[in-house]
């Protein structure tokens, strides 16, 4: 009985070593595929950061109508965002909401993404956009995300 247990222990140990070796090889290959073990690869910081998403409506708060062209609205948002942030991503959208009289309103909306921004700067940009676009408020989301700037192999 003791011999059977010893043989079983040797087999289990050998299988464990094989699994460990396979996992190590896979991890090294994954690192090489991402350029982490390649000293010639350009590396960028990775980590967690806060991403803010600002939804900027463009209808005038008093008339619920667009009082400028969509291009003019985009230029205003671009000017303000580049004043406060090193960069941002912009998407165009259409939002809909019911006003205080239960009337449905559709609104051309600009969605701005800011990675690595701080709350105070986002609020400063929002204050300026609220004033320049005559808005009641802007929707601001924020979340902790993992970011990586990938430059290829």
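Here, each number is a calculation from the coordinates, and none is a lab measurement. Because the structure is a prediction, the values reported are computed rather than measured. Please note: Cβ atoms are built from the backbone with ideal geometry, for glycine as well, and neighbour counts cover all protein chains shown.
If the chain between residue 130 and residue 143 were fully stretched, how many nm would it gain, using 0.36 nm times the residue separation less the Cα-Cα distance? Mind showing how you got there, number by number?
Details: separation 13, 0.36 × 13 = 4.68 nm, distance 2.22 nm.
Extending this stretch completely gives an extra 2.5 nm.
Which distance in nm do the two modelled labels at residue 62 and residue 91 give, with both placed 7 Å along the Cα-to-Cβ direction?
3.3 nm
Using the 10 angstrom Cβ neighbour count as an exposure proxy, how do 98, 67 rank, fewest first? The partial results should precede the final answer.
Working: 98 9, 67 13.
Result, fewest neighbours first: 98, 67.
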